[in-house]
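Everything on this sheet refers to the single structure shown next.
The values are calculated or read from the model by the stated rules, or taken from the named source; none is laboratory data. Only a predicted model underlies this, so the values are computations on that prediction, with no experimental measurement involved. Cβ: placed from backbone, ideal geometry, glycine included. Neighbour counts: every protein chain shown.
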Amino acid sequence: MEDKKDYFKDYDSEKAIIGCILLNNEVIENALEIISSKDFSDKKCQRIFSTMHDMYENNEPLEPLSVSKRTNDNYPDDNITESEIEELANNAPAPSSIEFYAQRVVKAFSRREAKRLLTVAMKEINDADDPMSKISELVSRMENIRSDSMDQTVFDHHNLFLERMKVLEKKSEGEVPSNVISTGLRDLDDLLTGGVRLQHFDVLAARPAMGKTSLAVQWAANCAIQQNMSSLIFSIEMSKEEIMDKMISNASKIAYKKISSGDLQTEDWEKLFSLSSSLLIDPNKPEKGGVFVDDVTKDLNRMVAIIRRCVRKYNVKFVVIDYLQLISIAGKFGTRDEQLGHAVNLLAYTAKTLNINILALSQLNRGVEHRESKRPSLSDLRESGNIEQAAWRVFSIYRDDYYDYNSPEKGIAEISVLKGKISNTGKVKVFFDNECTRFFSLTNNYTNFRSKETDGPHA
């Protein structure tokens, strides 16, 4: 491996990262929150790191002999010896410093990307009819360099909640078993014999605009507030600010439009201030619970690394991925179906081994729109075979008034359990308040639900 120094390459830091991992295999999680193999400039370091990542995911010990053998198996032309690997370990700094060196590698990568974009841009500007538009485009591209870096992922919730008053009303009604996460909807919990289970990978499927993100956010919040179990939401499509606004609206019953626009009255502010600590993450009190939101990460392997760390540090028990078809999946696969098969199997394994519940949202096929009955079925899942097989439960949402404005069940949503391993299937009807993006269990007179002054976890 090369030793020369270069402003655009940091070979010493790349070697230090590998050495740190060899000394303490667990710190690879810290590195994966910041970098990936593509950030390395040295080809050998890149391939060693990639190999170590794969080995770690398979719970294999990262030792010089095994790492050199596996790397040579993957890249036979490199001829990486055990002594080369040992040298990296012998010269490594303290494993606790791995994040420092990972940040240095990110900076070098960013410099290389900036240099590459500038080179490309100069040619484009010279050839462009409108040079100023090209310059504007260049600025935008430069701003997006490393937009997927892991140091931007699990953001500071404490500050975010305080700034935007992103809070939920703490409720109090009953206790649930320690291995069960209540959905907060009594009828659905009854169907599920308490709620969703730890160690399970579940799927929530629906056509767009049915409210699947709102329902998942509501479940995550209920998990944190009612059971002191932290939740983690990977929001690939929506920004963290939008997710937070949904949470505020959901908890406070203040219309989402008012929250997003800031058009709040005095009584609204009073209500928000009274809720200001409900979902805040306290790093010193992980048992308290809270909600993390990551609106940057798309890569499957990075997701798993973040999940592991959040489980260890913050007692995360419930993970939402919104949504499944937007995940970036590295590896050689023949079809997209094979890619998703790998993803759902890894997520199912992660849920089981970490003792958490993972809920992946999924789009339904457009074929639903072309038949008389729009109610979802398992066959409507995109790439359904592998998803259906890996999932413990498959939920769906259907709203008749979405298709028929004059539907006699206006405001009613059906939440169905289309599949359940060793559990009930069936459906429950709930009320969906589109203004505050919240689902409510039906009362005997659900049209009067707005008049209720209290709403416990089983509203």
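Per-residue answers, yes or no, for (1) within 23 Å of Ala221 (Cβ to Cβ); (2) within 13 Å of the chain's Cα centre (by Cα):
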position: Leu300; (1), (2): no, yes
position: Ile306; (1), (2): yes, yes
position: Lys313; (1), (2): yes, no
position: Phe318; (1), (2): yes, yes
position: Ile321; (1), (2): yes, yes
position: Leu326; (1), (2): yes, yes
position: Ile329; (1), (2): no, no
position: Lys332; (1), (2): no, no
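Give the number of residues within the stretch 314-351 that are in a loop (DSSP other than H, G, I, E, B) and touching a residue at least 12 places away in the same chain (Cβ under 8 Å).
So the count comes out to 5.
State which residue is farthest from His200 (Cα to Cα) when the search covers only the stretch 428-440 and only residues that are of a type outside the set (Val, Ile, Thr), more than 23 Å from the chain's Cα centre (by Cα) and assigned to a strand (DSSP E or B).
The selected residue is Asp433.
Within the stretch 77-101, how many residues turn out to be under 18 Å from Lys43 (Cα atoms), touching a Leu at 6+ places or on another chain (Cβ under 9 Å) and buried (at least 19 other Cβ atoms within 10 Å of the Cβ)?
Residues meeting the conditions: 2.
Name the pairs whose Cβ atoms lie under 6 Å apart, with the first residue in the stretch 98-115 and over 11 Å from Glu14 (Cβ atoms), the second assigned to a helix (DSSP H, G or I) and of a type outside the set (A, V, I, L, M, F, W, C), and 6 or more positions between them or separate chains?
Ile98/Asn30; Glu99/Asn30
Out of the residues in the stretch 392-427 meeting the condition of being part of a loop (DSSP other than H, G, I, E, B) and touching a helix residue (DSSP H, G or I) at 6+ places or on another chain (Cβ under 7 Å), tell me which one is surrounded by the most Cβ atoms within 10 Å (Cβ to Cβ).
Gly411
Could you pull out every one of the helices (runs of 4 or more DSSP H) wholly within the stretch 1-78 that has 1 or more residues that are aromatic (Phe, Trp, Tyr) and within 18 Å of Gly331 (Cα to Cα)?
Here the list reads 43-57.
Could you please let me know if Ser274 is out of contact with any helix residue (DSSP H, G or I) (no Cβ under 6 Å at 6 or more places or on another chain), within 30 Å of Arg207 (Cβ to Cβ) and either modelled with pLDDT under 85 or buried (at least 21 other Cβ atoms within 10 Å of the Cβ) (or both)?
Against the criterion (out of contact with any helix residue (DSSP H, G or I) (no Cβ under 6 Å at 6 or more places or on another chain), within 30 Å of Arg207 (Cβ to Cβ) and either modelled with pLDDT under 85 or buried (at least 21 other Cβ atoms within 10 Å of the Cβ) (or both)), Ser274 does not qualify.
Quick one: which residue in Ala216, Ala220, Ala209, Ala205 is in contact with a Phe, Trp or Tyr (Cβ under 8 Å, 6 or more places away or on another chain), assigned to a helix (DSSP H, G or I) and of a type outside the set (D, E, K, R)?
Ala220
Where the second residue is modelled with pLDDT of 90 or more and surrounded by 14 or more Cβ atoms within 10 Å (Cβ to Cβ) and the first is in the same structural domain as Lys212 (by TED's automatic domain parsing) and among the polar types (S, T, N, Q) and lies in the stretch 417-435, which pairs have Cβ atoms under 7 Å and are six or more apart or on separate chains?
Ser423/Arg393; Asn424/Val417; Thr425/Val417
Which residue is surrounded by the fewest Cβ atoms within 10 Å (Cβ to Cβ), if the candidates are limited to the stretch 227-245 and must be within 21 Å of Ile306 (Cβ to Cβ) and charged (D, E, K, R)?
Glu237
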